[in-house]
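The values are calculated or read from the model by the stated rules, or taken from the named source; none is laboratory data. Fair warning: this is a prediction, and the values are worked out from it, not measured in the lab. FYI the Cβ positions are ideal-geometry reconstructions off the backbone, even for glycines, and counts take in every protein chain you see. We work out accessible area using only protein heavy atoms, side chains counted, and drop any ligands, DNA or RNA first. Shrake-Rupley method; radii C 1.70, N 1.55, O 1.52, S 1.80 Å.
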Amino acid sequence: MKSHIRNILQDMLPLVDLDADFLFTELDSLGVTTILMTLSAEYGIELTANDATPKNLKNLDNIVAMVKNKLSPQ
């Protein structure tokens, strides 16, 4: 899943270093919105502005964890 998400986001955000330790600091509001909308559509999950936290978007591993959490039954 991590490599799939990396590939998707690399296409959508080619100027962002997805391997950064603090990915959130590399993103502007459009980048954050792009991540949320792209992953929502790709995985059929609901990601909202409430999910756009520095913790969830800290790095690629945290983004994957956020998606997995949304995919798991509540």
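Only Lys, Arg, Asp and Glu carry charge here, each on its Cβ (+1 for the first two, -1 for the last two); on that basis the chain has a dipole of about 280 debye about its Cα centre.
Per residue, the chain exposes 62 Å² of accessible surface when a 1.4 Å probe is rolled over the protein heavy atoms with every protein chain present. In order along segment 20-31, phi translates into HN-Hα couplings of 5, 5, 10, 4, 4, 6, 7, 9, 9, 4, 5, x Hz, rounded to whole numbers, per the Karplus curve 6.51 cos²θ - 1.76 cosθ + 1.60 with θ = phi - 60° and x for Gly and Pro.
Measuring spread by the Cα atoms of the chain yields a radius of gyration and Dmax of 11.1, 35 Å. For the chain, the relative contact order works out to 35 percent when only alpha carbon pairs closer than 8 Å and six or more residues apart are counted.
Neighbours of V67, meaning other residues whose beta-carbon lies under 13 angstrom from its beta-carbon, give a summed charge of 0 when Lys and Arg score +1 and Asp and Glu score -1. Using the rule -39500 (n - 2.57) for each DSSP H run of four or more residues, divided by the residues of the chain, the 222 nm mean residue ellipticity is -16000 deg cm²/dmol.
In whole percent, how big is the carbon plus sulfur part of the accessible area of the chain, probe 1.4 Å, protein atoms only? Answer for the chain is 52 percent, counting heavy atoms of protein chains only.
Ranking of V67, V32 by solvent-accessible surface, largest first: V32, V67 (1.4 Å probe, protein heavy atoms only, all chains present). Against the chain, whose longest principal axis is taken from its Cα atoms, helix 60-71 shows a tilt of about 20°. Among 7-15, 33-41, the peptide with the highest mean count of other Cβ atoms within 10 Å heads the list, and the full ranking is 33-41, 7-15.
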